[in-house]
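*Asks:* Have a look at the structure that comes next, please.
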Amino acid sequence: MSIPPKNYEEPSVFTPINLLREARRQKSIPEGTIPKVCILDPDGDIVQNLVATGQARLNTYWACYHTQMYNFAYREIEFGIVGNAVGASFAVLVAEEMFASGCTLLLSMTSAGQIVTKGTPPYFVLIERALRDEGTSYHYLPPAPYSVINPKLMESLKDAFEQSQPPVFRGST
């Protein structure tokens with residue numbers, strides 16, 4: 001059996017709205033909201049720390065089939081965070097469900113090896129440019145060798161991390 005070639009212009013048959021609706025129905029999850037700012041934590045260590053220290057509570061309105069969202073506050077901002085969304089396709093699905101549920105800004109916080117040292121760890125890298133090596137993101141942007149941060153977002157973050165500890169550097173991945 002041959003698989004027909006993927007047409008990236010066609011919408012997915014698995015829409016986030018439909019998946020969320022069915023998860024709510026099957027798991028008896030009530031309608032509600034999630035925070036406007038959400039974090040994907042593929043490693044799960046941020047979520048584990050927040051839960052272990054009593055800083056996060058389960059969001060009972062999050063309707064994803066395979067993940068749990070926790071809410072926590074930092075500097076009077078409410079965040080939603082989902083741990084262990086590993087793999088580009090799954091992470092994108094969770095991100096789409098977050099946006100369909102009311103998220104307006106999504107951050108992905110993960111660990112990675114380093115090729116070029118920026119200093120003595122610990123530190124963070126704000127990714128300005130990422131090599132595209134699989135097809136998931138081709139649903140959202142035209143084909144190109146790299147995906148780059150939105151210039152308006154980058155401008156709004158220009159001075160945000162000047163005094164940050166651990167430090168935040170800009171870089172590529």
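*Asks:* Can you tell me which residues in segment 82-124 are modelled with pLDDT of 95 or more and aromatic (Phe, Trp, Tyr)?
*Replies:* Correct list: Phe99 only.
*Asks:* Same structure, new question: Just a yes or no: is a residue in segment 68-81 within 22 Å of Tyr123 (Cα to Cα), modelled with pLDDT under 95 and assigned to a loop (DSSP other than H, G, I, E, B)?
*Replies:* Yes: segment 68-81 contains one or more residues that are within 22 Å of Tyr123 (Cα to Cα), modelled with pLDDT under 95 and assigned to a loop (DSSP other than H, G, I, E, B).
*Asks:* Can you tell me which of (1) free of Cβ contacts under 8 Å to residues at least 60 places away in the same chain; (2) in contact with a strand residue (DSSP E or B) (Cβ under 8 Å, 6 or more places away or on another chain); (3) not in a loop (DSSP other than H, G, I, E, B) is the one Cys38 doesn't meet?
*Replies:* It fails just one condition, (1).
*Asks:* Could I ask something else about it? Six or more apart or on different chains, Cβ under 8 Å: which pairs go from a residue in segment 130-151 that's within 19 Å of Ala95 (Cα to Cα) and of a type in the set (A, V, I, L, M, F, W, C) to one that's modelled with pLDDT of 80 or more and assigned to a loop (DSSP other than H, G, I, E, B)? Could you list them?
*Replies:* Ala130/Thr173
*Asks:* Run down Glu155, Glu76, Glu96, Glu128 and say which single residue is more than 12 Å from the chain's Cα centre (by Cα), acidic (Asp, Glu) and within 30 Å of Glu31 (Cβ to Cβ).
*Replies:* Matching residue, one of Glu155, Glu76, Glu96, Glu128: Glu76.
The rows are residues; the columns are (1) surrounded by 13 or more Cβ atoms within 10 Å (Cβ to Cβ); (2) among the charged types (D, E, K, R).
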position	(1), (2)
Ile81	yes, no
Ala91	yes, no
Lys118	yes, yes
Pro121	no, no
Leu126	yes, no
Leu131	no, no
Pro145	no, no
Val148	yes, no
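The values are calculated or read from the model by the stated rules, or taken from the named source; none is laboratory data. Note that the coordinates shown come from a computational prediction; the quantities given were computed from them, not determined experimentally. Methodologically, a virtual Cβ is constructed for each residue, glycine included, from the backbone with ideal geometry; neighbour enumeration extends over all protein chains shown.
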